[in-house]
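Novice: Take this structure, written in structure tokens, and hold onto it; I'll ask about it next.
The values are calculated or read from the model by the stated rules, or taken from the named source; none is laboratory data. Everything numeric here is computed off the predicted structure, so don't read it as measured data. Please note: Cβ atoms are built from the backbone with ideal geometry, for glycine as well, and neighbour counts cover all protein chains shown.
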Amino acid sequence: MAVSPPKPKDMPLNALRALEAAARLGGFAAAADELGVTPAAVTAHVKGLEAELGAPLFARGAKGVELTALGKRTAPAFAQAFDALSQAVRDLREEALPQVVHVAALPAIAQLWLSPRLPALRAEAPDIAVSITAMEAPPNLKRSPYDLCLFYGDGAVGRITDDALFPVCAPSFLPRLQGVEDLAAVPCLSDATWCDDWANWLAVAVPDGRVVPRGPVFSLYALAVEEAVNGAGVLMGRRALIAAHVARGALVQPFGPQVPIAEGLHLWAARPLRRSHPIWRVARLLGQG
């Protein structure tokens, strides 16, 4: 009777994914963040691979981990393999013509720019559902499930709109502002992410530095906008994000100028878009907005 040799045991895919992410990102914590697991889970996966191989893949030290010679030789092939796997998954989804388009966007853009445009998008393309995920930084589209990304910066699909800085406040707040100098005596609202916006605007509007804005800093730009609408102070507005509030009179510009900023709203795509595909249709409609 013929005896078949034992089949080699496959290495766990999740463990290999943890290895690749840790090698590419330079640490277990960063890999855990990308994969949505704990650093302990990544550590356990890597230790399991090392035990099976009988050789270390990472050297542990006080300053973190570093690939061993074995790890450096083999990590690039895993990066290529997982890139190819991610591409194959995207190809599968695209060929299936999904009717759900996944968009990742900066929280302020998602809430203040994108959300108000969804009713028009649904009316134009009622067969397509748009799923929105708010995040602070653009995801790695090679390794994430998102079809489109909307952030400030340079985008592969294109620039959606330019932007500019200028102060805004509620109409009820206007009597307290006779001129730019009055900013020194009123609350000046700002956002933690764009903490330099006031300085950048003042460098043009009041270049002698005689006005130093003071006031609360918010972790969410949308919250700062609402506080300005409620009369809490003067906000350094970003035109693209507050246009709807200005259009309906909830916020007004007490004085100029409007100072252009280099970065506008840009759209990224996971891959070249195919005409008439649902992802292409959403990208086109957003570009019109």
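Novice: Quick check on my filter: what residues within region 212-225 are of a type outside the set (G, A, S), buried (at least 17 other Cβ atoms within 10 Å of the Cβ) and out of contact with any His (no Cβ under 7 Å at 6 or more places or on another chain)? First the steps, then the outcome.
Specialist: Let us first name the residues in region 212-225 that are of a type outside the set (G, A, S), namely 212-214, 216-218, 220-221, 223, 225.
This time we only want the ones that are buried (at least 17 other Cβ atoms within 10 Å of the Cβ), so: 213, 218, 221, 225.
Within region 212-225, P213, F218, Y221 meet the criteria.
Novice: Something else about it: Please tell me if D162 is surrounded by fewer than 14 Cβ atoms within 10 Å (Cβ to Cβ), modelled with pLDDT under 95 and under 19 Å from the mean Cα position of the chain (by Cα).
Specialist: yes
Novice: Are any residues in region 8-46 among the aromatic types (F, W, Y) and not in a helix (DSSP H, G or I), and if so, which ones? Walk me through it before giving the result.
Specialist: Our first condition is that a residue be among the aromatic types (F, W, Y); within region 8-46, this holds for 28.
Passing the criteria: none in range.
Novice: Another question, if that's okay. Among the residues of region 130-154, write down those that are farther than 23 Å from W194 by Cα and among the polar types (S, T, N, Q).
Specialist: Hits for region 130-154 are S131, S144.
Novice: What are the residues in region 227-256 that are in a helix (DSSP H, G or I) and either exposed (fewer than 15 other Cβ atoms within 10 Å of the Cβ) or hydrophobic (A, V, I, L, M, F, W, C) (or both), if any?
Specialist: Looking only at region 227-256, we keep the residues that are in a helix (DSSP H, G or I), and these are 227-229, 239-247.
Within region 227-256, A228, V229, A240, L241, I242, A243, A244, V246, A247 qualify.
Novice: Then there's this: Return yes when V259 is modelled with pLDDT of 85 or more, crowded, with 20+ Cβ neighbours inside 10 Å and of a type in the set (A, V, I, L, M) and no when it is not.
Specialist: The answer is no for V259.
Novice: In region 261-286, what residues are in a strand (DSSP E or B) and touching a helix residue (DSSP H, G or I) at 6+ places or on another chain (Cβ under 9 Å)?
Specialist: Listed by number, the residues that qualify are G264, L265, L267, A269.
Novice: While we're on this one: Is it the case that V282 is assigned by TED's automatic domain parsing to the domain that holds L112, within 27 Å of L220 (Cβ to Cβ) and touching a residue at least 40 places away in the same chain (Cβ under 8 Å)?
Specialist: Yes, satisfied.
Novice: So which residues in region 48-70 are closer than 18 Å to N14 by Cβ and not aliphatic (A, V, I, L, M)?
Specialist: Start the filter on region 48-70 by keeping residues that are closer than 18 Å to N14 by Cβ, which leaves 48-53, 57-58.
If the condition is that a residue be closer than 18 Å to N14 by Cβ and not aliphatic (A, V, I, L, M), then G48, E50, E52, F58 are the ones that fit.
Novice: Right, A55: surrounded by 12 or more Cβ atoms within 10 Å (Cβ to Cβ), over 23 Å from the mean Cα position of the chain (by Cα), in the same structural domain as A29 (by TED's automatic domain parsing) and touching a residue at least 24 places away in the same chain (Cβ under 8 Å) or not?
Specialist: So A55 fails the test.
Novice: If you don't mind, another one. Residues being under 19 Å from R238 (Cα atoms) and surrounded by 15 or more Cβ atoms within 10 Å (Cβ to Cβ): count how many of those fall in region 135-148.
Specialist: Result for region 135-148: 1.
Novice: Return the residues of region 191-221 that are more than 29 Å from the chain's Cα centre (by Cα) and either assigned to a loop (DSSP other than H, G, I, E, B) or among the acidic types (D, E) (or both); say none if nothing qualifies.
Specialist: V206, P207, D208, G209, R210, V211, V212
Novice: Of these, T68, T43, T38, which one is more than 28 Å from the chain's Cα centre (by Cα) and among the polar types (S, T, N, Q)?
Specialist: Details: T43 fails: more than 28 Å from the chain's Cα centre (by Cα); T38 fails: more than 28 Å from the chain's Cα centre (by Cα).
So the residue among T68, T43, T38 that is more than 28 Å from the chain's Cα centre (by Cα) and among the polar types (S, T, N, Q) is T68.
Novice: Any residue at all in region 81-98 that is modelled with pLDDT of 90 or more and small (G, A, S)?
Specialist: Among the residues of region 81-98, at least one is modelled with pLDDT of 90 or more and small (G, A, S), which makes the answer yes.
Novice: Now a separate question. Restricting attention to region 244-279, report how many residues are under 30 Å from V204 (Cα atoms) and either among the aromatic types (F, W, Y) or touching a residue at least 40 places away in the same chain (Cβ under 8 Å) (or both).
Specialist: 21
Novice: Here is a follow-up. Mind checking whether some residue in region 106-118 is modelled with pLDDT of 85 or more and of a type in the set (D, E, K, R)? Working first, answer last.
Specialist: The initial filter retains those residues of region 106-118 that are modelled with pLDDT of 85 or more, namely 106-118.
Still in the list and also of a type in the set (D, E, K, R): 117.
Within region 106-118 (the criterion being modelled with pLDDT of 85 or more and of a type in the set (D, E, K, R)), the answer is yes, since at least one residue qualifies.
Novice: Right, here's the next one. Hey, does region 169-176 have a residue that's under 19 Å from the mean Cα position of the chain (by Cα) and either of a type in the set (D, E, K, R) or not in a loop (DSSP other than H, G, I, E, B) (or both)?
Specialist: No, region 169-176 contains no residue that is under 19 Å from the mean Cα position of the chain (by Cα) and either of a type in the set (D, E, K, R) or not in a loop (DSSP other than H, G, I, E, B) (or both).
Novice: D127 - would you say it is surrounded by fewer than 17 Cβ atoms within 10 Å (Cβ to Cβ), more than 15 Å from the chain's Cα centre (by Cα), part of a loop (DSSP other than H, G, I, E, B) and among the acidic types (D, E)? Give the steps one after another, and end with the answer.
Specialist: Values: surrounded by fewer than 17 Cβ atoms within 10 Å (Cβ to Cβ): yes; more than 15 Å from the chain's Cα centre (by Cα): yes; part of a loop (DSSP other than H, G, I, E, B): yes; among the acidic types (D, E): yes.
In short, yes.
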